[in-house]
Amino acid sequence: MKLLGKLCISLLSVLMVVGFIPVNDVNAAVKLSATSKTINVGRGYTLKLKGTSKKGHAKSSSSAVKVSAVKKTKKVKVRKRVTVKVRVRGKWKKKKVWRKVKVKKKVTVKNSFYLAGKRAGSADVSVTYGKKKIVCHVTVYQPQLNTVVGYTYNLASRLSHTSDSTYWTSNQAVALVDEYSGLLMPIHSGSCIIYRKVNNKVKSQIKINVKSSGDVKVGVDVSRHNGIVNFKTLKKNNINFAIIRGGNGCRKYGTTDYSSIDLNLKRNIEGAKAAGMEIGLYWYLNSSTNGLMSSGDAKLQGERFADRLSSLDIEKNTPIYIDLEEHSALLKSGSKNTKAEFQKEMCQIFEAKLREKGFKNIGIYASTSWYKDYLKNDYFMNKVDVGEEGITSHWLAHYNYASKEGAQTPQFYYNGRLITPDIWQTGSRFRISGTGSTYVDMNYLYQ
């Protein structure tokens, strides 16, 4: 009995000593993957609760952050009625039976929460598990870009571009964006949001603040390919001018008549003028065959265009551009000098027919590479005053160029002299209300 009493006293002493030894709180190991986080509007972060088997629940204190469960796709077995072939009395027949099959199903990932930045601000995201709670403080930042009309900017890297990304603007009257490359084209003072989407879901965004520039105008170039154009809508969206196609080559195409005149020429001229927009015109120089054009081709195109413009009572100082881009018609075999001389001859014949009717403001449209490789000739590079024989203006096509300090537009050299365009065609995949087609070419005119 005494021995039993001693054992009880010893055991009690041990328990008392153990009671004074600090025991780690099991909750001390429970934590969040982050207790503070900064995210951009339109972006997000996956917050994880670690160190507990209990199911957690997350809640945001502000509409700046939206909390949703993280889901993933996994294969699970389900009972499903399927059709199988069975052999009955020597013959194969179809029969429906119940089988366990694997199907893809979205399931919630335990203790993972997606925090989406909805607007600039902050929020406390509290995660509860059982009667315990842990908080993550989230700051939501709105990325911004300040820019000026006449300068382009490539947003692809800024918005984490992927191959399946598309870009959209919240206000076409302030800034446009190339749908696939993310090239930003500011067009008027104000602010808007540019969104990067994947499968029509916003993945990232940026706020654009635009200031106007008094010496830059914004315009479109249009043809029958653009369908029925609503120039009044374009004007409301701060489009100042339109360069309208006169025609193409010497033959009838789907978008031209038998005189090679663009089917929408008259409609487009009248519509642009009625909307109070400045106009220019261009002609796509081409051959009567699939091969090299002749002097007769150039003469015929010049005569037809000049006659039609005269019948439409077009002002004589209206800018008219010769569009040079048809390889088979314009690039004569031989050296680059040979190619430039041949195009000079064709353009001078075409230009002469326009001048006979009094049109005296003739320019050239070509891509940067075409200017550099095929137009190295004083006739194309040395501009003259309106009214003089020769080229009065350079219209340059160069897509996806982001403006740089000291190089607002694409440029190139000729005989050591830097050539800067008067009009820059920035791209061809812009969307803007008022054009009947999906996309439209956009341009800056520098005064």
Check the stretch 106-118 and report whether any residue there is over 23 Å from SER53 (Cα atoms), touching a Gly at 6+ places or on another chain (Cβ under 9 Å), of a type in the set (Lys, Arg) and not in a strand (DSSP E or B). yes
All positions within the stretch 376-415 that are in a helix (DSSP H, G or I) and within 19 Å of LYS217 (Cα to Cα): none
Select from the stretch 129-144 the residues that are touching a residue at least 40 places away in the same chain (Cβ under 8 Å) and either touching a Leu at 6+ places or on another chain (Cβ under 8 Å) or within 18 Å of LYS37 (Cα to Cα) (or both) and list them in ascending order. TYR129, ILE134, VAL135, CYS136, HIS137, VAL138, THR139, VAL140, TYR141, GLN142, PRO143
Exactly one condition in (1) within 22 Å of the chain's Cα centre (by Cα); (2) of a type outside the set (Gly, Ala, Ser); (3) buried (at least 17 other Cβ atoms within 10 Å of the Cβ) is not met by ILE243; state its number. (1)
VAL218 being assigned to a strand (DSSP E or B), within 16 Å of ASN443 (Cβ to Cβ) and either at pLDDT 95 or above or not aromatic (Phe, Trp, Tyr) (or both): yes
Of SER181, SER160, which residue is closer than 28 Å to TYR282 by Cα and under 15 Å from the mean Cα position of the chain (by Cα)? SER181
Within the stretch 342-379, the count of residues that are of a type outside the set (S, T, N, Q) and either over 24 Å from LEU309 (Cα atoms) or not assigned by TED's automatic domain parsing to the domain that holds SER287 (or both) comes to 10
Applying the selection to the stretch 276-291, what residues are within 14 Å of ALA329 (Cα to Cα), of a type outside the set (Val, Ile, Thr) and surrounded by fewer than 18 Cβ atoms within 10 Å (Cβ to Cβ)? SER288, ASN290, GLY291
Assuming HIS327 fulfils every condition listed in (1) farther than 16 Å from LYS372 by Cα; (2) surrounded by fewer than 20 Cβ atoms within 10 Å (Cβ to Cβ) apart from one, which condition is it? (1)
Exactly one of VAL70, VAL76 is surrounded by 10 or more Cβ atoms within 10 Å (Cβ to Cβ), in the same structural domain as GLY130 (by TED's automatic domain parsing), assigned to a strand (DSSP E or B) and modelled with pLDDT under 85, and that one is VAL76
Hey, among the residues in the stretch 203-222 that are small (Gly, Ala, Ser) and farther than 22 Å from TYR141 by Cα, which one's surrounded by the most Cβ atoms within 10 Å (Cβ to Cβ)? GLY219
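Quick check on the stretch 224-239: of everything there that is of a type in the set (A, V, I, L, M, F, W, C) and part of a helix (DSSP H, G or I), which residue is surrounded by the most Cβ atoms within 10 Å (Cβ to Cβ)?
Here the residue is LEU234.
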Within the stretch 406-416, is there a residue that is crowded, with 19+ Cβ neighbours inside 10 Å and among the aliphatic types (A, V, I, L, M)? no
In this structure, does VAL222 turn out to be touching a residue at least 40 places away in the same chain (Cβ under 8 Å) and more than 30 Å from THR256 (Cβ to Cβ)? no
In the stretch 286-337, what residues are without any contact (Cβ under 8 Å) to a residue 24 or more places away in the chain and part of a helix (DSSP H, G or I)? GLY296, SER311, HIS327
Any residue in the stretch 367-386 that is within 13 Å of GLN411 (Cα to Cα) sitting within a Cβ distance under 9 Å of a residue that is among the charged types (D, E, K, R) and modelled with pLDDT of 95 or more? List the pairs, counting only those 6 or more apart or interchain. SER367/GLU325; TRP370/GLU325; MET381/ARG417
Test: LYS353 is of a type outside the set (A, V, I, L, M), in a loop (DSSP other than H, G, I, E, B) and at negative phi: no
Is it the case that some residue within the stretch 291-300 is under 25 Å from HIS394 (Cα atoms), assigned by TED's automatic domain parsing to the domain that holds GLU388, modelled with pLDDT of 95 or more and within 36 Å of the chain's Cα centre (by Cα)? no
Does SER369 satisfy being outside any strand (DSSP E or B), of a type outside the set (A, V, I, L, M, F, W, C) and closer than 21 Å to LYS336 by Cα? yes
Which of (1) small (Gly, Ala, Ser); (2) over 21 Å from GLY271 (Cβ atoms); (3) under 22 Å from the mean Cα position of the chain (by Cα) does GLY214 not meet, given it meets every other one? (3)
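The values are calculated or read from the model by the stated rules, or taken from the named source; none is laboratory data. These numbers come from a predicted model, not from an experiment. As a convention, Cβ positions derive from the backbone with ideal geometry for all residues, glycine included, and neighbour counts pool all protein chains shown.
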